[in-house]
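This report concerns only the one structure given below.
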Amino acid sequence: MPVSCIDFFWQVAYNVVCKILYGWGENPPNREDAKTMKQEALQAAKKAYEIEAECLREALSYVDDEQFSKAVEALANATRIGAAGCGHSGIICQHFAHLMCCIERPARFISPAEAVHGASGFLQKGDVMVFASRGGKTKELLPIVDICKAKGVTIISVTENMESPLAQQADIVLRQYVNMETDKYNSQGTTSTTSLCMIFHALQAALIEETDYKNEQFALIHPGGAVGERLNKK
């Protein structure tokens, strides 16, 4: 195909994509111009790093050693662990359940929608249920709290609001700290998810020590990927 035809083909393809994605008409912005990020966008990106770094530095002072110790003990002794949250908190709770499985603490994320339709049957007396809600008032979680209390399940709540229903009804409360979200409107679940992640990462780190979990054990259950190759290298 002649070079001119190739150029024509890519220009047509570019125009079609721009039309579909951005609604640009016959004269879309020059491709080189489109690659240039606004200076404000770059500044916002850099500020996001600063906001989240500041949050993690300050969050440590909000850790209650007694409550954290109780949480570690409960998780170490639980036969099963459940976790639930909505939105971004729910996504991070899925991560938490996987973290627990990676150190052989059987866990699963329980969807708030499914929990009130039978999925809470996973939990038995003596198990632990972790709830995550920054405001502590997430309505979808409150019926699950009632189920857990009726079944004798230990409740750990992670929340910023110590006066909230989730905090007040929990056996153990881990306080979450959030300085502000990274977007200019302070609306998106960004820093708050990082803060929640940090609490869950800290719990896993503590549990590895508390249960004397060995890397050789992890190697057995993680043969896949680059990590598995490194762990199982003879």
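Observations
- First in region 128-153 and more than 16 Å from LEU196 (Cα to Cα), second anywhere and crowded, with 17+ Cβ neighbours inside 10 Å and aromatic (Phe, Trp, Tyr), Cβ under 6 Å, 6 or more apart: LEU141/PHE131
- Members of region 157-189 that are out of contact with any helix residue (DSSP H, G or I) (no Cβ under 9 Å at 6 or more places or on another chain) and among the polar types (S, T, N, Q): SER164, GLN168, ASN186, SER187
Listed here are the residues, each with its yes/no results for (1) surrounded by fewer than 15 Cβ atoms within 10 Å (Cβ to Cβ); (2) within 20 Å of GLU160 (Cα to Cα); (3) in contact with a strand residue (DSSP E or B) (Cβ under 7 Å, 6 or more places away or on another chain); (4) touching a residue at least 60 places away in the same chain (Cβ under 8 Å).
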{"position": "ALA83", "(1), (2), (3), (4)": "no, yes, yes, no"}
{"position": "ILE92", "(1), (2), (3), (4)": "no, yes, yes, yes"}
{"position": "ALA97", "(1), (2), (3), (4)": "no, no, yes, no"}
{"position": "MET100", "(1), (2), (3), (4)": "no, no, yes, yes"}
{"position": "ALA119", "(1), (2), (3), (4)": "no, no, no, no"}
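- Selection from region 180-234 of residues that are without any contact (Cβ under 8 Å) to a residue 60 or more places away in the chain, more than 22 Å from the chain's Cα centre (by Cα) and closer than 26 Å to TYR62 by Cα: GLU209
- Failed item, numbered, when PRO143 is tested on (1) over 20 Å from LYS70 (Cβ atoms); (2) out of contact with any helix residue (DSSP H, G or I) (no Cβ under 9 Å at 6 or more places or on another chain): (2)
- Filter result for GLN43 (closer than 17 Å to LEU203 by Cα and part of a helix (DSSP H, G or I)): no
- Residue in region 187-222 that is surrounded by the fewest Cβ atoms within 10 Å (Cβ to Cβ), counting only those that are among the polar types (S, T, N, Q) and at pLDDT below 95: ASN215
The values are calculated or read from the model by the stated rules, or taken from the named source; none is laboratory data. Bear in mind that the values here come from a model prediction, so they are computed numbers and not experimental data. Glycine also receives a Cβ, built like all others from the backbone with ideal geometry; neighbour counts cover every protein chain displayed.
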